[in-house]
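A short write-up of the structure that comes next.
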Amino acid sequence: MDGLSQRVERFLEQRNLVTDALGALEAKTGVEKRYLAAGAVTLLSLYLLFGYGASLLCNLIGFVYPAYASIKAIESPSKDDDTVWLTYWVVYALFSLAEFFSDLLLSWFPFYYVGKCAFLLFCMAPRPWNGALMLYHRVVRPLFLKHHGAVDRIVNNLSGRALDTAAGITRNVKPSQTLPPKDK
């Protein structure tokens, strides 16, 4: 537990949007940043457990900060942060796809949204604990390398069929079925 408290203290010493807001609150209230952070985490957890709209809050946590960090990564000269956030979005997309099919069942489980939020936070954690990188290298990448040839063939086949269908539909449209030109 000592390692976790040290990591939290190091995070609270960094300069970012969260620590700036906590610093402003600390200056106004006189309450230390770490207690304010602990209170915010406690309130967030209680809301995810009992609050109305926990799904929306959880999705905002999993989307808003990563989107902001992705934009910052795109604008930075480093390629490493781009890779981290692209990996997050791949894992997020796969998780969302799996959740789409299982959400009706899982949402009835107690603490589902707390678990989902914890998973998404795990996926966006800083480097050594980054769950998205871990899942990508242990699950997604091996599956991709094994099956990407077959998936590429299926996608190319489907896109060719879609183009043929679109061409057939546009060929079958009579000139009288097109809209008349607009008068200016």
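The values are calculated or read from the model by the stated rules, or taken from the named source; none is laboratory data. In this text the structure is predicted, and so the values were computed from the model without any measurement. What goes into the accessible areas is simple: the full protein's heavy atoms, side chains included, and nothing from ligands, DNA or RNA. Shrake-Rupley method; radii C 1.70, N 1.55, O 1.52, S 1.80 Å.
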I'd like the distance separating the alpha-carbon centroids of region 42-90 and region 134-168, in whole Å. 27
Of the accessible area of region 11-50, computed with a 1.4 Å probe and all protein chains kept, carbon and sulfur make up a percent value of 66
Among Asp80, Asp164, Asp20, which one shows the highest mean-square fluctuation when the chain is modelled as a Gaussian network with alpha-carbon springs under 10 Å? Asp164
Once the Cα gyration tensor of region 79-127 is diagonalised, what are the square roots of 5 times its eigenvalues, in whole Å and ordered largest first, as equivalent ellipsoid semi-axes? 25, 13, 4
What accessible area per residue comes out for the chain, rounded to a whole number of Å², with a 1.4 Å probe? 78
Suppose we look only past 13 Å in the calculated P(r) of region 11-50. What percent of the Cα-Cα pairs does that tail hold? 53
What one gets for region 20-77 as the Kirkwood radius, inverse of mean 1/r over different Cα pairs in Å, is 13.5
Please work out the ratio of the alpha-carbon Rg of the chain to 2.2 N^0.38 Å and round it to two decimals. 1.48
Rounded to the nearest 10 degrees, what's the angle between the helix 33-50 long axis and the longest principal axis of the chain, both from Cα atoms, 0 to 90? 50
Using the Cα gyration tensor of region 54-108, the equivalent ellipsoid's semi-axes, largest first and to the nearest Å, work out to 27, 13, 5
Beyond 29 Å (Cα-Cα) in this structure, taken from Lys28/Lys116; Lys33/Lys79; Lys28/Lys79; Lys72/Lys116, we find Lys28/Lys116; Lys33/Lys79; Lys28/Lys79
Carbon and sulfur together cover what percent of the accessible area of region 71-184 at a 1.4 Å probe radius? 69
Debye log10 I(q)/I(0) for region 110-169, one point scatterer per Cα, at q = 0.18, 0.23, 0.28, 0.31 Å⁻¹: -0.75, -0.88, -1.03, -1.09
